[in-house]
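A short worksheet on the structure shown next.
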Amino acid sequence: MAHPRERWTGKELDRRQFLARAAAAGVALPSLAAIMEACSNPREGTTSTSKDPAGDGGLWQPGWPYPLARQDKPVTWNIFPDNQPIASDLQPEKNATLEIYNWDQYIWPKIIGEFADKYNCEFKITTFNNMDEALAKMRTGQLSFDVFFPTIDVLGKLISSKLLQPLNQDYIPNLPANVWDTYQDPFYDAGWQYTVPYTIYTTGIGYRTDVISKDEIEAMSNPYDIFWDPKYKGQVGIYDDYREAISMTLLRHGITDLNTTDPATIQQAGQDLIDLLNATNVRTSINGAYVGIPKGQYQVHQAWSGDIAAAWFYVPQATMANYQTIGYWYPKDRVGAVNNDCLAIPANSKSPVLAHLFLNYMLDFKNAMNNFSWVGYQVPQKQADPQTLTTTKSVQGEPYIFPWLSEAVVQEEDFKTGFLELELEPSVDALWHEAWSQFQSG
Amino acid sequence: MSGPRGWYRNPWRKPRVLQVATWGYLAWSILPVVIAIVISFNSGRSSATFQGFSLQWWNGAPQGDAQGSLFKSPDLHAAIIQTIRLSIIVMLIAVPLGVAFAIGLDRWRGRVAKTANFTMLASFVVPEIIIGVALFYTFTYTLNAAVKLGTTAQIIGLIAFQVSYPVIVVRARLLSIGKEYEEAAMDLGAPPRAAIRRVLLPMLYPAIFASFALVFADVVDDFVTVRYLSGGSSTETLSVKIYGAVRATPIPVYNAAASFMLFTTVVAIAVVYVLYKRFGRGQEGSAADFAAGQL
Amino acid sequence: MRFGTRPGASSRVADTATRASRRRGNKRGGGEGVWYPRWFWPSFATPASLYLLVFFVLPLYVIVSIAFGTVDATFQSPRPIYQPWFWTSQYLTKVTRDAVGYQRGVYIRTFIYVFIASVLCVLIAYTVAYYVSRFGGKRKGLFLTLLIAPFFVSYLMRMLAWINLLQIEGYVNKILGWIPFVPHKVNWLGGYPWTVVLGLVYGYVPYMILPLYGFLDRIQQSLLEAGRDLGASPARTFMRVTLPLSRQAILAGIVIVTLPMFGDYYTNNLLSNSPKTQMVGNLLDNAVNNTGQGPLAAVLVLIIMIILLVPMAYYLRSTSNELKVST
């Protein structure tokens, strides 16, 4: 809509008159627009009509709101004219509070505390239980956070809706200096324009070694069947995460396309979860792997490698014998679910300079490794040799990953052999959610 | 008459079974809460067994726990402040609004009054999740530009839910007072507003004080509306923090938090009781007013 | 948290003597004797009425607009349609189809849980209220204090107390360990329906006891003594006199506890969190948080409202009746 001022060109208005009219227009125009909108059919615009995808590359069809990044089809996201990166060489905001929106227990508060001391700011962490919940709140645009921890399968939504701001890479020299080559130009965000990598992890099976021996689970022809084993009834858990849960049932059937668009396959996966419910009364949780297994609330729980590496913090009594009750299985041939999480800066961040500095801070080798030692999630740092993670002691006084959990170590090659859960087109995503709701309602 | 049959037929026998059942119920209803309070002073990390007395979960530095103690953790400290802030603001707005509503509804006749009364009762009986979800969508879609999730939204939502409390307590009181007093005052020449303020209002003090305590306590305990309308960790109250964490990591710090909430409620009631003793002298029924709100 | 309240019940708590004096006042001419400006009483009620209009009635309309609206292309988040002539019923159709389809179990389960929990509530509440009102004697004050005590303990804390007790290494299993041949390593929080029902009963029974007590306390002692003097056994007196008299009060108590139970999602989340024990409230809570299911959440709100229509109507009718009687 044209600016009100333009309509009075050529006509002399004194200042008072102008202000009065501008004020009247300011009141009238929005309500007029609202009425106009009310008269047009509100059902229009519910499918994206843009012929211009929000980025280059990837899978895309007209009508899709964003392109889908795949390993062989990288996406370079657009930098929108109304959503530009901040300028270089700005001073960090004064008296600011760094607002962090994160999963629970997914960053060591001590590291943020050190950052806050260094840059003389406060910090606040808000947690979410799963990405759906986080997106629901992010979408409103009402919450203003400075740092967000997206998974790579929601970037299209966030970027095409201009909820993330493009990064000014000048503030983040640590990424080119320290991080794995894969992440210098990741397929999901070519040229890392919006995100930096945070952690890397595989999704396997966590179990209690005093109930199930390592040999026992490795001898199984299909270890994913263990979730369906009535022997562990009431002691089995999966993540409260529709992608991870459904992907696990797909892998059980040897289906490796964890981004399947086939309704029958998705439906079948949902049915498998319901069978799982009937077989073992499975429960969903988000921290069953790192809290539930060490505490004995679960004997088997779907597990991210990082959760398992950190689970020793939660044993009832801190003894080596108790640490050894925690076990982790991931396919020997490394063909399982693998992924990485990101750090990004929401578009409405109030302290974008601090946020950039924070991203850089988290990619510093020492900070990244200290954070790894606490959250358990490995970081893609060049200097951290995966081979030595089970022997090098961290600041916590124990190895980063205990030797008997060596399957939990992530190698750079895992991203070539493993399968990634990536973004889905909204109508396909709805099918996945539908299958998940069917499971949720028992 | 003797023997079991006689015992059974004796109309004046002591109801031993009922007695045992009642004491059993009382033990069942109160003991778990007492145990939960005791566990907040646990020296161990377990919230299941008491291992020894310690104040570490209240004001110490519990070992190996990221969350810290109730008063030392910045997170929980912020939650305490948010809890008290919401409770006081909501109480100060909802009670006057509700008292006026009650006085108006009690005397105002007609279709509009009936509709208003019906709406008030409906807001009172619908499950809280319905108001919470409805307001969540209202604030994030319809009024997205005007009201942001966070303290303002929480206050608005809580008032919508709490305003009927004082209405019901005060109306119960109004029913027992009747119109004679302020009518007598007006017969003696007092203008209507003065009659309300100088005659009726003082008689309502017990009910008003009870409403203050009830609304305060209810807001402290709320974790439904407050959770849906919270804008981030800084606007989460103690009860939301407990709800979010206790299921997954039941550590005694949440027992301490819940005990603190209970303590806050008890203090609020004590304050109201003292106020009532000062301003409501000579009037019966503060306890009855409390009961009115809870029945 | 909020539970049903009965202004009518409270009016009974109020002193009956004043009520009698009021009736005399009415005979004398009552309200007509004094002139109030027309706007006088409405002016008191207007602020709160407007408030409820904007923040209670309007949000319910927003829910309707979302339920009959669509979703946006990117986030699948609701796009409310405020004009009824553009409404679509696709989500209503879907939810009702699911309700008789795969979600049927949840609805049936909710009704079963609520039914069992209310029956248990009635049994417990009636027993306790009956004993205290009949045989409380000098200890009545103490009993009442103990009965009111749970009101000041938040629902959350009372659930927390049971989370403590029901853990694997908790006191419930410890006590069971003393009894031979009884399993004492039970993971009570591992998704047992009975745990959820226990939570519901524990959470809501106090709200039934007080109104029942209020009622039973008013039943004329002489009526019962007459029965006994005529030689009826206590059981017979109870069955023939007390119980029939208290039917209304029981019904009211049931309404008070079932209304919040139908919207309950937290008891299940805290004490079980298994899909096997999900209730309708959980469907709603999940749908609010699941991407793309906003309209479904809105329809679920409407469905819960419909389920509650009967108890709510009963409640509203009985309260307005009592107000009429006492005015």
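Rule-based calculations on the coordinates, nothing more; no lab input. Note that the structure is predicted; figures quoted are calculated from it, not measured. Note: ideal-geometry Cβ built from the backbone for every residue, glycine included; neighbour counts use all protein chains shown.
To make sure I understand the rule: partners must be aspartates and glutamates, Cα under 15 Å from the Cα of A:K233, and not fewer than 8 residues away in the same chain. Which ones qualify? Qualifying aspartates and glutamates at Cα under 15 Å: A:D225, A:D275.
In chain A, the longest principal axis of the Cα atoms and the axis of helix A:109-119 are about 40 degrees apart.
For chain A, the longest principal axis of the alpha carbon atoms and the long axis of helix A:15-39 meet at an angle near 50°. Comparing Cα centroids, region A:107-159 and region B:19-35 end up 45 angstrom apart.
Using only Cα atoms and rounding to the nearest 10 degrees, what angle (0 to 90) does helix A:365-375 make with the longest principal axis of chain A? With both axes taken from Cα atoms, the answer is about 60 degrees. With N the number of residues in region C:50-202, Rg(Cα) / (2.2 N^0.38 Å) evaluates to 1.58. For chain A, relative contact order (Cα pairs under 8 Å, six or more residues apart, normalised by length) works out to 21 percent.
Once C-alpha pairs closer than 8 Å and six or more residues apart are averaged by separation and normalised to the residue number of chain B, the relative contact order reads 25 percent. Between the beta carbons of A:K332 and A:D257, assuming R0 = 25 Å, the FRET efficiency works out to 0.70 to the nearest 0.05. Of the beta bridges in the protein assembly as shown, as assigned by DSSP with both residues counted there, near 65 percent are antiparallel. The lysines within cross-link reach of A:K393, meaning a Cα-to-Cα straight distance under 18 Å and a gap of 8 or more places when in the same chain, are A:K366, A:K382. Summarising the amide proton neighbourhood of A:F419: residues at separation of 5 or more, or on other chains, whose placed amide H is nearer than 5 Å comprise A:G336, A:A337, A:V338.
For chain B, the membrane-span-like helices by this rule, meaning whole DSSP H stretches whose C-alpha atoms cover at least 30 Å of axis and whose Kyte-Doolittle mean is 0.5 or above, are B:16-39, B:74-107, B:252-279; this says nothing about an actual membrane. Dividing the Cα radius of gyration of region A:328-442 by its Kirkwood radius returns 1.05 for Rg/Rh. The convex hull around the C-alpha trace of region B:108-157, projected and averaged over every direction, spans 4.4 square nanometres. Counting only Cα atoms, chain B measures 80, 72, 37 Å along its principal axes, largest extent leading. Rounded to the nearest 0.05, the FRET efficiency derived from the C-beta distance between A:K73 and A:Q317 at R0 = 41 Å is 0.25. Summarising the label geometry, the points placed 7 Å from Cα in the beta-carbon direction at C:L309 and C:S233 lie 4.6 nm from one another. Taken over chain A, the ratio of Cα radius of gyration to 2.2 N^0.38 Å equals 1.10.
With contacts taken as Cα pairs under 8 Å and at least 6 residues apart, chain C reaches a relative contact order of 27 percent. Of the residues B:K14, A:K233, the one with the fewest other Cβ atoms within 10 Å heads the list, and the complete ranking is B:K14, A:K233. The orientation-averaged projection of the convex hull spanning the C-alpha atoms of chain C amounts to 25.1 square nanometres. For C:V54 and C:V119, the difference between the fully extended length at 0.36 nm per residue and the C-alpha to C-alpha distance is 19.6 nm. FRET efficiency for the pair C:T93 and A:K231, taken as 1/(1 + (r/R0)^6) with r the Cβ-Cβ distance and R0 = 41 Å, rounds to 0.45. In terms of surrounding Cβ atoms within a 10 Å radius of their Cβ, A:H253, A:H356 rank from fewest to most as A:H253, A:H356. A straight Cα-to-Cα reach below 16 Å connects A:K350 with the aspartates and glutamates A:E93, A:E99, A:E122, A:D146, residues fewer than 8 places away in its own chain not being considered. Full extension of the chain segment joining C:V100 with C:F181 gains 24.9 nm, where the gain is 0.36 nm per residue of separation less the Cα-Cα distance. P(r) of region A:84-169 in 5 Å steps, Cα pairs, percent per bin? With 5 Å bins starting at 0, P(r) equals 3, 12, 21, 23, 20, 16, 5, 0. Considering all different alpha carbon pairs of the protein assembly as shown, the Kirkwood hydrodynamic radius works out to 31.5 Å. Peptides B:142-151, A:138-147 ranked from most to least packed, by the mean per-residue count of other Cβ atoms within 10 Å: A:138-147, B:142-151. Model label points for B:F53 and C:I108, set 7 angstrom from Cα along the Cα-to-Cβ axis, are 5.4 nm apart. Highest mobility in the GNM of chain B, judged by mean-square fluctuation with C-alpha springs under 10 Å and restricted to B:F279, B:F209, B:F71, is found for B:F279. Among the helices of chain C, those built from whole DSSP H runs whose Cα atoms reach 18 Å or more along their own axis and whose mean Kyte-Doolittle hydropathy is at least 1.6 are C:247-262, C:294-307. The ranking of A:T390, A:T284 from fewest to most other beta carbons within 10 Å of each one's beta carbon is A:T390, A:T284.
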